[in-house]
Amino acid sequence: MAETLTQKILKNHLVQGNYQTGKEIGIKIDQTLTQDATGTTAMLLFESMGIDTVKTDLSVSYVDHNMSQFGPENHNDHLYLQSVSRKMGIYHSRPGNGICHQVHLERFAKPGATLLGSDSHTPTAGGIGSIAIGAGGLDVAVAMGGGEFYLNTPKVIGIKLSGALSPFVAAKDVILKVLSILSTKGNVGCIAEYFGPGVASLTVPQRATITNMGAELGVTCSIFPSDSQTEAFLKAQGRSQDYIALAGDEDAKYDRIIEIDLAELVPMAACPSSPDNIKAVSEIEDLQISQVLIGSCTNSSYRDLMTVAAMLKGQTVHKDVELGIAPGSRQVLSILSGNGSLNELILSGARILENSCGPCIGQGFSPGNGKVSIRTFNRNFPGRSGTTGDKVYLVSTETAAACALTGKITDPRKLPELFGIKAASIIEMDTIAIDDRMIDMPLPLNEAKNAEVIRGDTIVTPPAGQVPPEKLDGQVLLHCGDKITTDHIMPAGTFLKYRSNVPEYAKYVFNCFNEAGKPSFADRALELKARGGHGVIIASESYGQGSSREHAALCPMYLGLKLVIARSAERIHLANLINFAITPAFFDNPADYDRIRAEDRLEVDEFRQAIESAETFTVKNITQGFDFVCRFQLSDRDRQILLAGGKLNFTKNQN
Ligand code: MIC
Ligand code: SF4
């Protein structure tokens with residue numbers, strides 16, 4: 001039977017279950033990646049499993065998020081990750097080598113392989129034809145130990161591309177168009193597979209921009225075929241041996257098909273403050289801006305930065321604009337420096353930032369109050385930039401460069417007329433001088449045994465999970481709205497440095513909802529916990545959008561949270577809740593959401609029993625005197641994980 005590319009790769013890696021849409025399957029994971037903000041916890045959890053060395057074909061630890069190094073925390077984490085990687089058979093990409101997704105694409109990702117990463121933008125490697133999935137650190141730790149990864153057999157959304165992009169229109173505009181069609185909600189359990197005659201015109205880095213920002217759709221991952229573009233990219237990276245041709249069958253059946261003619265696309269922007277608030281740039285033109293940031297794992301490839309350098313050559317950044325540029329990798333920066341393009345950027349007035357996540361995760365460059373910031377990143381969730389009430393627009397590198405020159409939102413197609421700037425046609429390099437000296441190799445097994453793991457004082461062992469109570473004696477600690485992201489739950493920015501110290505980081509759970517002079521969410525939760533009560537969160541649609549950070553479950557678990565009731569929730573966060581023994585449930589009647597208020601006391605008799613075997617359970621609202629019904633969406637394995645007090649206990653019990 002004709003198959004999609006997704007089916008082919010997943011079936012090839014199937015180790016548990018039957019491949020039937022919606023049914024749970026376990027797949028073998030070939031490669032893993034971790035980054036420092038999620039990786040320290042992932043490695044601590046991996047160590048606690050008592051496995052000596054990773055069992056994957058390849059596992060890589062990257063340091064790219066926490067690079068500001070105010071206080072000892074970041075450096076302690078870097079040293080721990082480097083030393084634990086050596087010991088455990090893990091490659092380690094050192095600070096300064098680049099953003100995990102860009103470096104992984106360049107140096108390690110392979111067509112036809114499975115990759116699990118403790119970062120939600122792991123699907124970037126779908127641009128080279130990997131099934132690359134983001135997950136919580138504990139799921140990645142289990143995969144490093146050789147455990148399979150569980151997911152529901154996905155629906156496959158086929159995105160058929162035809163034509164070719166017009167001048168000044170970019171790959172970013174393709175994914176912004178897809179976001180305008182599919183939005184950030186309702187795509188859980190789907191994989192986006194690109195096919196059709198338009199695919200051939202896109203290079204691997206362009207494809208990777210598209211699969212990267214597929215994360216914002218909420219799909220499990222996105223994938224492109226592997227073809228002559230893939231072969232050329234791998235050859236330039238000195239990895240021709242990793243090339244295989246791969247594509248879905250001609251007559252493969254997709255669950256839904258979206259057709260996009262690349263030639264019809266125009267420059268687009270995701271307006272504040274959601275990646276699916278899409279408008280054509282021409283509709284929002286002339287808005288004054290004060291900041292432009294170029295980089296992040298979405299748009300920091302050689303091609304992206306060469307495009308910007310070509311556009312800014314001989315020009316000066318507008319007097320009212322601060323332009324920051326963060327290359328995606330040491331490789332990209334080194335090429336730009338070698339061919340003089342870096343100098344063009346410097347001369348134009350750009351501030352060159354380190355090859356890291358930087359402002360994308362609120363590490364600096366927070367915009368001034370009320371100021372418009374134009375970014376080539378993938379997320380503009382409220383406050384993610386570090387400024388409350390921020391106005392962040394997400395655009396292509398072409399649009400960003402145009403805005404940097406004019407000081408206002410500008411359709412880049414106007415540049416020939418405004419400045420005589422032609423559209424850059426950047427050709428990928430066919431050979432690159434490869435330099436992997438900033439990637440540490442794992443130690444051979446016999447040496448690894450005696451290697452020392454460096455554990456700084458700021459690295460605290462994560463707390464153990466607790467089994468669910470027999471009876472839930474709950475209190476609503478927060479009643480929140482739609483699209484609560486993991487940035488709302490567990491802020492990054494200046495708090496990112498507490499990632500390896502759960503008791504400290506937990507003080508900032510739901511920090512954005514705290515009000516001056518009133519007890520914080522964490523204070524209220526700990527007080528309830530001390531009284532023997534159980535914290536409950538009430539949420540609306542798409543709870544837990546965004547990142548893979550398991551701290552958004554781990555820290556609430558530490559604060560005594562036991563139950564989240566939502567109208568709907570996103571995949572990675574849902575899995576993280578289960579992994580840390582917080583039971584997720586859904587309103588049977590979505591209207592009940594409106595009847596519940598903050599502080600209500602909620603009880604569930606036989607809570608544990610319900611998790612064991614029920615499909616639905618009744619919650620008594622003691623404060624208001626009514627009952628309502630909730631549903632589970634749990635597989636048998638999920639139930640066992642919850643009953644064991646989380647995935648770590650569950651995994652240990654199995655071994
Ligand atoms: C993000 O873009 O939000 C992050 C920071 O990369 C996260 C991971 C994290 O919180 O450490 C992600 O996307 O998963
Ligand atoms: Fe880093 Fe931003 Fe990419 Fe997350 S989205 S991995 S913070 S560059």
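The values are calculated or read from the model by the stated rules, or taken from the named source; none is laboratory data. Quick caveat: nothing in here was measured; it's all calculated off a predicted structure. For neighbour counting, all protein chains shown are included, and Cβ atoms are generated from backbone atoms with ideal geometry for every residue, glycine included. When the accessible area is computed, the model is the full protein with side chains, heavy atoms only, and any ligands, DNA or RNA have been set aside. Shrake-Rupley method; radii C 1.70, N 1.55, O 1.52, S 1.80 Å.
Taken along the Cα-to-beta-carbon direction at a fixed 7 Å, the label points for Leu287 and Asn369 span 2.0 nm.
Under the simplified labelling scheme, the Leu418-Val15 pair shows an inter-label distance of 5.3 nm, with each label point 7 Å from Cα along Cα→Cβ.
Relative to one another, the C-alpha centroids of the range 280-305 and the range 433-486 are positioned 33 Å apart.
Close amide H pairs (under 5 Å, H built 1.01 Å from N) link Gly196 with Leu161, residues at least 5 positions away or on another chain. Going 7 Å from the Cα of Asn653 in the Cα-to-Cβ direction, what parts of the range 9-40 have a backbone nitrogen less than 13 Å from that spot? Nothing falls inside the zone, counting backbone N under 13 Å. Were the residues from Lys529 through Asp52 laid out at 0.36 nm apart, the gain over their Cα-Cα distance would be 168.1 nm.
Just order 401-412, 153-164 by mean Cβ neighbour count inside 10 Å, highest at the front, would you? Walk me through the intermediate numbers first.
Working: 401-412: 24.4, 153-164: 20.6.
Per-residue mean Cβ counts within 10 Å order the peptides as 401-412, 153-164.
Starting from the amide H of Tyr62, placed 1.01 Å from N in the peptide plane, find each other amide H under 5 Å away whose residue is 5 or more places distant or on another chain. Counting only residues 5 or more places away or on other chains, the set is Thr34, Gln35, Asp36, Ser93. Annotation: extensible slack from Arg601 through Ser520 equals 27.3 nm (criterion: 0.36 nm per residue apart, minus Cα-Cα distance).
Taking amide H atoms as placed 1.01 Å from N in the peptide plane, the amide H of Ile258 lies under 5 Å from those of Gly158, Ile159, Lys160, each 5 or more residues away in sequence or on another chain. Each residue of the range 179-195 was assigned a 3J(HN,Hα) from its phi angle through the Karplus curve 6.51 cos²θ - 1.76 cosθ + 1.60 (θ = phi - 60°); the sequence is 4, 5, 8, 8, 6, 8, 10, x, 10, 4, x, 10, 10, 9, 10, 8, 7 Hz, with glycine and proline shown as x.
Output the peptides 246-253, 43-50, 291-298 sorted from most to least packed, where packing is the average of other Cβ atoms within 10 Å over each peptide's residues. Walk me through the intermediate numbers first.
Working: 246-253: 14.9, 43-50: 19.6, 291-298: 29.0.
Final packing ranking: 291-298, 43-50, 246-253.
For the range 449-604, the relative contact order is 30 percent, taking Cα pairs closer than 8 Å that sit 6 or more residues apart in sequence and dividing their mean separation by the residue count. The range 75-100 and the range 162-221 have Cα centres separated by 31 Å. Note down the relative contact order for the chain as a percent, whole number, built from C-alpha pairs under 8 angstrom at least six residues apart. Over the chain, the number comes to 14 percent.
Per-residue Karplus couplings for the range 310-316, computed as 6.51 cos²θ - 1.76 cosθ + 1.60 with θ equal to phi - 60°, are listed in order as 5, 6, 8, 3, x, 9, 10 Hz, Gly and Pro entered as x. For the pair the range 229-253 / the range 560-606, the C-alpha centres are spaced 43 Å from each other.
An ellipsoid equivalent to the range 348-422, defined through the eigenvalues of its Cα gyration tensor, has semi-axes of 24, 14, 11 Å when rounded to whole angstrom and sorted largest first. From most to least packed by mean Cβ count within 10 Å, the peptides 541-548, 494-501 give 541-548, 494-501.
To the nearest 500 deg cm²/dmol, what mean residue ellipticity at 222 nm is calculated for the chain from DSSP H runs of n ≥ 4 alone, each contributing -39,500 (n - 2.57), summed and divided by the residues?
Details: 23 runs with 192 residues, N = 655.
One gets -8000 deg cm²/dmol as the mean residue ellipticity at 222 nm.
Accessible surface for the chain, divided over its residues, is 36 Å² per residue with a 1.4 Å probe. The phi-based Karplus calculation (6.51 cos²θ - 1.76 cosθ + 1.60; θ = phi - 60°) puts the 3J(HN,Hα) values of the range 14-26 at 5, 10, 9, x, 10, 6, 9, 2, x, 8, 6, 10, x Hz, whole numbers, x for Gly and Pro.
Per-atom-type breakdown for the range 272-412 gives carbon and sulfur 47% of the accessible area (1.4 Å probe, protein chains only).
Site pair Asp436 and Ala2 shows an inter-label distance of 3.9 nm when each label is modelled 7 Å from Cα along Cα→Cβ.
Report the calculated FRET efficiency for Asp594 and Asn446 (r = Cβ-Cβ distance, R0 = 56 Å), to the nearest 0.05. If you can, show how the numbers build up before the last one.
Details: r = 63 Å, r/R0 = 1.13.
About 0.35, to the nearest 0.05.
Extension gain for Arg351-Met429 works out to 25.5 nm (0.36 nm per residue, less the C-alpha to C-alpha distance).
Relative contact order for the range 1-56: what percent, with Cα pairs under 8 Å and sequence separation of 6 or more? Walk me through the intermediate numbers first.
Numbers: 28 pairs, mean separation 12.7, N = 56.
Relative CO of the range 1-56 lands at 23 percent.
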